[in-house]
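The values are calculated or read from the model by the stated rules, or taken from the named source; none is laboratory data. Please read these numbers as outputs of a predicted model, since none were measured by experiment. Here Cβ is always computed from backbone atoms with ideal geometry, including for glycine, and neighbour counts include all displayed protein chains.
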Amino acid sequence: MIKKMSAFFPGSRALPKQVSASGGVNECRPVESVRLPVWNLDVDPRTSLEVIDWVSKPCKGSKRILLGNNLHSVFLYLTEPRFASVYRTADLSIVDGFPVLILANLARWMLNQSKLGSEFRCGSTDWLSYVERLPSGFRMAVIGGTANSNSMACSRFAEVAPTLAIAGWDGFDDARHLKAEGFEGLRVFAPDLVLVAMGMPTQEYFILDSWSDLPDATYATVGGAVDQISGMQRNAPRILGRFGLEWLWRLVNNPIRLSGRYLWEPVKLLALTLRLLFYPEMRNRNRESGSQ
C-alpha cells in the first residue's frame with residue numbers, strides 16, 4: 001500500500017473542501033493577488049491543492065518561478081535589491097507564514113473583501129504533501145540538501161508518488177557541478193518541476209544567477225523542505241502548526257543558528273516598517289532600487 005505523503009508531515013492539513021469525492025479538484029476561481037500595505041509586496045494566496053493544480057499545468061517552452069512569503073523573505077525583500085528582483089518576477093508568490101496572511105487579510109479588509117482562512121497559509125511542506133496528485137509521468141527534480149538527505153527525500157517522493165519521474169542533486173558538490181556544466185544534466189532529465197531547497201536567500205540567488213542557463217520548467221523555492229521530507233529535520237507537532245508556532249519549535253531545536261532570524265530580525269523588520277509607514281518616499285526608493 002502506498003503511504004500518503006501526509007504520513008511524512010505530521011503537521012499537514014486535512015484536504016480542503018474543494019476536493020471532490022473522487023479525489024479530483026473542483027474548478028474554482030483562485031483568489032486575486034493582494035498587495036500588502038506599507039511593504040508594497042504582492043502575494044498570491046493559494047491553498048495547497050491550488051498550488052498543486054498550478055504546478056501540474058505544463059509550461060513547455062517557458063520558465064516559471066514559485067516563491068513563498070514569510071517574515072524572513074519580507075525582510076530580505078525590503079533590504080536586498082537582488083532578492084527583491086526575484087520576487088518581483090515570480091509567477092506565483094504564495095503566503096508561507098501567518099503574519100503575512102494577517103497582513104493580506106488587512107489589505108482585503110481595506111478593499112471590503114472577505115477574510116481568507118488559515119488554509120491560505122501554504123508552506124512548502126503543505127503543498128508538497130500532495131505530490132501524488134501530480135499527473136502520471138510528471139518529472140520532478142530536487143536540488144538541495146546534503147547528498148544523504150537529498151537521496152532520502154527523493155526515495156520518499158518515489159514511494160508516495162510512484163508514477164512520477166524523480167531525480168536529485170544535492171545542494172553542494174552536485175549543485176556546483178550542475179552549474180559548471182551549464183545544467184546539462186538537468187536539461188537531459190527534462191523536468192516539469194524543479195524544487196530548489198537551499199534556504200533563503202541562497203536558493204533565490206541560485207535561480208537568479210543561473211536563469212539564462214536553466215532549462216524550461218517550473219522552479220519552486222522550498223527552503224528546508226528536503227530535510228523535513230527526508231527525516232533529517234524533526235517536524236513540529238501538529239498542534240503548533242494550528243497556531244502558527246512552527247518557528248518556535250525550530251528555534252528551540254536550533255537556537256544558535258535561528259535566534260537571529262526569529263528573535264532579532266522581526267525587531268529590525270518592525271523598525272523598517274515604521275520608517276516606511278512614516279516616510280512613504282522610502283517605498284518608492286526601495287522599488288526603484290529593486291528593479292534595476
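In table form, for the structure just shown:
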{"read-out": "Test set (1) buried (at least 17 other Cβ atoms within 10 Å of the Cβ); (2) of a type outside the set (Phe, Trp, Tyr); (3) at pLDDT below 95; (4) touching an Asp or Glu at 6+ places or on another chain (Cβ under 9 Å) - residue 69 fails condition number", "value": "(3)"}
{"read-out": "Every residue from the stretch 163-193 that is touching a residue at least 24 places away in the same chain (Cβ under 8 Å) and among the basic types (Lys, Arg)", "value": "179, 187"}
{"read-out": "Selection count, the stretch 254-286, where residues are exposed (fewer than 14 other Cβ atoms within 10 Å of the Cβ), at pLDDT below 75 and over 22 Å from the mean Cα position of the chain (by Cα)", "value": "4"}
{"read-out": "Pair list, Cβ < 6 Å and 6+ apart or interchain, from the stretch 94-117 residues that are without any contact (Cβ under 8 Å) to a residue 60 or more places away in the chain and assigned to a loop (DSSP other than H, G, I, E, B) to residues that are buried (at least 23 other Cβ atoms within 10 Å of the Cβ) and not polar (S, T, N, Q)", "value": "96/68; 96/123"}
{"read-out": "Yes/no for residue 160 being in contact (Cβ under 8 Å) with a residue 24 or more places away in the chain and under 19 Å from the mean Cα position of the chain (by Cα)", "value": "no"}
{"read-out": "Answer residue from the stretch 178-235, given it is charged (D, E, K, R) and surrounded by 17 or more Cβ atoms within 10 Å (Cβ to Cβ) and is nearest to residue 68 (Cα to Cα) among those", "value": "204"}
{"read-out": "Any hit, the stretch 79-91, residues being farther than 25 Å from residue 268 by Cβ and acidic (Asp, Glu)", "value": "yes"}
{"read-out": "Residue match in the stretch 97-108 (condition: of a type outside the set (Val, Ile, Thr), touching a helix residue (DSSP H, G or I) at 6+ places or on another chain (Cβ under 9 Å), on the phi > 0 side of the Ramachandran plot and modelled with pLDDT under 95)", "value": "yes"}
{"read-out": "Residue under evaluation residue 47, criteria (1) surrounded by fewer than 16 Cβ atoms within 10 Å (Cβ to Cβ); (2) at pLDDT 95 or above; (3) more than 25 Å from residue 210 (Cα to Cα), criterion not met", "value": "(1)"}
